[in-house]
């Protein structure tokens, strides 16, 4: 599960590419075997829950075997269907209270807060388990309208206990500065899946271990 880094160092949070069929389960196994990963987020678009569940179930099993939290992006209903460890909500994906009521107290609920202090504080008040800030850098993974700065992480850690995730175009060369600024987790997708996933995880692990 996702815990505050006051107890542990900044950790890696992997987000899937949009294509998770074919050889991807084997790639996920390689990535998780390459270094410590706290969580994996299943993120696909344009599929109903049935089709998404077929793709997600083997990935959930791989994560369970490695004691990695399996998080579903956007869909509260899919998270329930899969028995996922958590759900990550965008600003239009439903309320934290709705997710909590449907999924139970033990499920981790994260909320995308872009670069907004107000949205992050609101998510905390609503009972989220973590907040996500970003994008911090240019990213090809998704269209972003908001750019966050490291000072936002510094502010959050100075005043709040709730864990925070940094996301958006982060590489092994840039992750350490965000960890030092206060990120509890570094969320990455393209920097891992666009090349050798095992080598990328090792590079992130080495960079974060220096923090």
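Any read-out appearing in this document is the output of simple, stated calculations on the displayed coordinates, not a laboratory observation. Bear in mind the structure is a predicted one, so any value in this text is a computation, not a measurement. Cβ coordinates were reconstructed from backbone atoms using ideal geometry, including for glycine residues, and neighbour counts include every protein chain displayed.
Mind giving me the FRET efficiency for residue 45 and residue 177? R0 is 25 Å, r the Cβ-Cβ distance, nearest 0.05 is fine. So, using R0 = 25 Å, E works out to roughly 0.25.
Here the calculated FRET efficiency for residue 95 and residue 194, from their Cβ-Cβ distance with R0 = 45 Å, stands at 0.85, rounded to the nearest 0.05. Scaled against 2.2 N^0.38 Å for its residue count N, the alpha carbon radius of gyration of region 76-115 is 1.08.
A viscosity of 1.306 mPa s and a temperature of 10 °C, combined with the Kirkwood radius over Cα pairs in Stokes-Einstein, give a translational diffusion coefficient for region 1-90 of 120 µm²/s.
Which of 157, 91, 11 ends up with the largest GNM mean-square fluctuation for the chain, with Cα atoms connected below 10 Å? Comparing 157, 91, 11 in the GNM, the peak value goes to 91. The calculated pair-distance distribution of region 33-82 uses every alpha carbon pair, bins of 5 angstrom beginning at 0, and gives 5, 21, 34, 21, 11, 6, 1 percent.
Note on region 133-211: along the principal axes its Cα atoms extend 38, 31, 18 Å, ordered by decreasing extent. Where is the GNM fluctuation largest for the chain (alpha-carbon springs, 10 angstrom cutoff): 195, 35, 94? Taking springs between Cα atoms under 10 Å, the residue moving most is 195.
The modelled label-to-label distance between residue 155 and residue 140, using points 7 Å beyond Cα along the C-beta direction, is 3.2 nm.
Could you work out, for the chain, what percent of all Cα-Cα pairs fall into each 5 Å distance bin, beginning at 0 Å and stopping at the bin that holds the largest distance? Spelled out per bin, shortest first, that is 1, 8, 17, 21, 22, 18, 10, 3, 0.
Translational diffusion coefficient, Stokes-Einstein: compute it for region 37-136 using the Kirkwood radius over C-alpha pairs as Rh, at 25 °C and 0.890 mPa s, and state it as an integer in µm² s⁻¹. Please list the in-between numbers first.
Numbers: Rh = 13.7 Å.
Roughly 179 µm²/s, to the nearest whole number.
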